[in-house]
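For reference, the structure discussed in these notes is given below.
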């Protein structure tokens with residue numbers, strides 16, 4: 001009879017352990033913001049998500065055409081964010097102005 005050979009892992013366990021996969025984490029994403037003119041009527045969301053909305057608008061401008069108008073609107077959105085962070089203007093007025101600029105020009109011929 002041949003001797004029984006037992007395989008051991010590096011850390012001394014006699015049987016290899018089963019691979020345990022961690023449970024998948026679900027991330028809670030925010031709903032997309034409403035960048036239409038009707039979205040500018042909700043004062044609570046404008047005050048709460050003002051910087052987020054300005055960043056969404058500036059991101060939309062970086063992907064918009066024609067490029068010349070998109071650059072102007074992007075600079076306007078960045079200036080509005082700067083005014084907001086410096087406390088020189090009210091968030092509802094800044095966002096309504098940016099939303100008006102975005103929606104009027106994109107829908108006109």
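Listed here are the residues, each with its yes/no results for (1) in contact with a strand residue (DSSP E or B) (Cβ under 8 Å, 6 or more places away or on another chain); (2) in a helix (DSSP H, G or I); (3) over 22 Å from residue 32 (Cα atoms).
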position: 69; (1), (2), (3): no, yes, yes
position: 78; (1), (2), (3): no, yes, no
position: 81; (1), (2), (3): no, yes, no
position: 88; (1), (2), (3): no, no, yes
position: 92; (1), (2), (3): no, yes, no
position: 97; (1), (2), (3): no, yes, no
position: 103; (1), (2), (3): no, yes, no
Problem - Candidate set: the range 74-109, residues that are surrounded by 13 or more Cβ atoms within 10 Å (Cβ to Cβ) and modelled with pLDDT under 90; chosen: the one farthest from residue 50 (Cα to Cα) - result: 105
Handout entry: Filtered residues of the range 46-63 (kept if buried (at least 17 other Cβ atoms within 10 Å of the Cβ) and over 16 Å from residue 100 (Cβ atoms))
Key = 49
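The values are calculated or read from the model by the stated rules, or taken from the named source; none is laboratory data. Note that the structure is predicted; figures quoted are calculated from it, not measured. Backbone-built Cβ (ideal geometry, glycine too); neighbour counts: all protein chains shown.
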